[in-house]
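Q: My questions all concern the structure below.
The values are calculated or read from the model by the stated rules, or taken from the named source; none is laboratory data. Owing to the predicted nature of the structure, the values given are computational and were not obtained by experimental measurement. Cβ: placed from backbone, ideal geometry, glycine included. Neighbour counts: every protein chain shown.
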Amino acid sequence: MALYRTEAIVLRTRNLGEADKILTLFTESRGKVSAVARGSRRPRNHLMGVSQPFTHSAFLIFRGRNLDSISQGTIIDAWLYLREDLLKMAYASYMVELVDRLTEEYDPNEKVYSLLVATFRQLKTDGLEMRLTRFFELNFLRLIGIEPQLERCVGCDSILTANSEKLCFSPREGGALCSACQRTRTDALPLSLGAYQVMRWLATADIARLAVLQMPKTVEAEVEEMLRNFIYFHLQRPLKSLEFLYTIRGTS
Ligand SMILES: [Zn+2]
């Protein structure tokens, strides 16, 4: 029998027939996988708990010809705070949509899996949601090979430092631009030194140390804007979860 065991996080679910759900999972061993959880919409069904969005579980999955099917599941962490706190839920929804949209099925990436688990764990701490999301974006983009280039100018490859005068950011070209190169670009966004330093710090930071970062609200908003533009350039259409996030937060 083609059975495999893996841990996974539920990225999204959709109903199938009267009582089933198709789960989109990000698994530890196989990357993104779709699998049917039969009967999981029936009360007291053994797969009901593991079929909830965000839930982290250990699964036994049957590899089907067309669609995999969940045989057993045991919850490792249901991350209750991601359901009970709407703001945390909104950030988590954004992260899982990002992973869903930017990864292919059966393309294993254990580091993306670990990043998702570590980020959800840290989301328990109040007040870190914004910076955790920026940390997640920068590290996730690096792990899938499309991170913004910050160390060198994307136009001329010159080394950029915190002393570089007047930086810009080009979502289209994929990173920061020196002052000479930005003169010939019309779509580059001005990048403050603070936002530049925060992005570089977050790209290599230890997740457990995010609370020590001093980040004014204006810089936080600027980093969000840069990465939103960068990600939008790769997706070419907006993420649905952002609308929910802005509604909950009361700002875009
Ligand atoms: Zn340049």
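Q: Among the residues of the range 242-250, are any under 16 Å from the mean Cα position of the chain (by Cα) and β-branched (Val, Ile, Thr)?
A: no
Q: Here's another thing I want to ask about it. Given (1) closer than 30 Å to ALA176 by Cα; (2) touching a strand residue (DSSP E or B) at 6+ places or on another chain (Cβ under 9 Å); (3) crowded, with 21+ Cβ neighbours inside 10 Å, where does GLU137 come up short, assuming only one miss?
A: (2)
Q: Can you name every residue in the range 6-49 that is among the charged types (D, E, K, R) and more than 24 Å from the chain's Cα centre (by Cα)?
A: GLU18, ASP20, ARG38, ARG41, ARG42, ARG44
Q: Between residues in the range 221-244 that are of a type in the set (Asp, Glu) and residues that are surrounded by fewer than 20 Cβ atoms within 10 Å (Cβ to Cβ), which pairs lie under 7 Å by C-beta distance while being six or more apart or on different chains?
A: So the pair list comes out as GLU222/SER192.
Q: Look at the range 118-142 and say how many of its residues are within 20 Å of GLU7 (Cα to Cα) and either over 11 Å from the mean Cα position of the chain (by Cα) or of a type outside the set (A, V, I, L, M, F, W, C) (or both).
A: 5
Q: Please list, ordered by first then second residue, the pairs with beta carbon atoms under 8 Å, 6 or more apart or interchain, first in the range 159-184 and in contact (Cβ under 8 Å) with a residue 40 or more places away in the chain, second near the ligand (Cβ under 8 Å from one of its atoms).
A: PHE169/LEU177; GLY174/VAL154
Q: Can you list the helices (runs of 4 or more DSSP H) found entirely within the range 150-239 that contain at least 2 residues being of a type in the set (Asp, Glu), away from the ligand (no atom under 12 Å from the Cβ) and assigned by TED's automatic domain parsing to the domain that holds ALA118?
A: Fully inside the range 150-239 and qualifying: 217-235.
Q: Going by the structure shown, is SER179 of a type in the set (S, T, N, Q) and buried (at least 19 other Cβ atoms within 10 Å of the Cβ)?
A: Answer is no for this residue.
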